[in-house]
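Only one structure is covered here, and it is reproduced in the block below.
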């Protein structure tokens, strides 16, 4: 599943277009590297979302 769709489906980001903008702005990292919206999410990855209002560190336990 694409990263932008994963972020939307899990409710971490409200809209897919917002998730894509966050990725393009460098606010989303996987394993310490800037992530692209088209990245395929796999179980076990560490995702960091850093926005002006919050910092989220999550581990992917499953794909919805």
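What follows is calculated from the coordinates using simple rules that are stated; it is not laboratory data. Just so it is clear, the model here is predicted, and its values are computed rather than measured. Backbone-built Cβ (ideal geometry, glycine too); neighbour counts: all protein chains shown.
Taking the stated definitions as given, is residue 18 surrounded by 12 or more Cβ atoms within 10 Å (Cβ to Cβ), more than 10 Å from the chain's Cα centre (by Cα) and within 17 Å of residue 61 (Cα to Cα)?
Working: surrounded by 12 or more Cβ atoms within 10 Å (Cβ to Cβ): yes; more than 10 Å from the chain's Cα centre (by Cα): yes; within 17 Å of residue 61 (Cα to Cα): no.
Against the criterion (surrounded by 12 or more Cβ atoms within 10 Å (Cβ to Cβ), more than 10 Å from the chain's Cα centre (by Cα) and within 17 Å of residue 61 (Cα to Cα)), residue 18 does not qualify.
A residue that is farther than 18 Å from residue 64 by Cβ, free of Cβ contacts under 8 Å to residues at least 60 places away in the same chain and not in a strand (DSSP E or B) occurs nowhere in the range 39-49.
For the range 10-19, residues that are touching a helix residue (DSSP H, G or I) at 6+ places or on another chain (Cβ under 9 Å) and either over 18 Å from residue 52 (Cα atoms) or not in a helix (DSSP H, G or I) (or both) total 5.
Residues of the range 14-35 that are touching a residue at least 12 places away in the same chain (Cβ under 8 Å), touching a strand residue (DSSP E or B) at 6+ places or on another chain (Cβ under 9 Å) and on the phi < 0 side of the Ramachandran plot: 16, 19, 22, 23, 27, 28, 29, 30, 35. Exactly one residue out of 56, 61 is exposed (fewer than 14 other Cβ atoms within 10 Å of the Cβ) and under 12 Å from residue 7 (Cβ atoms): that is 56. For the range 20-29, the criterion of a residue being out of contact with any helix residue (DSSP H, G or I) (no Cβ under 8 Å at 6 or more places or on another chain) and part of a strand (DSSP E or B) is satisfied by at least one position.
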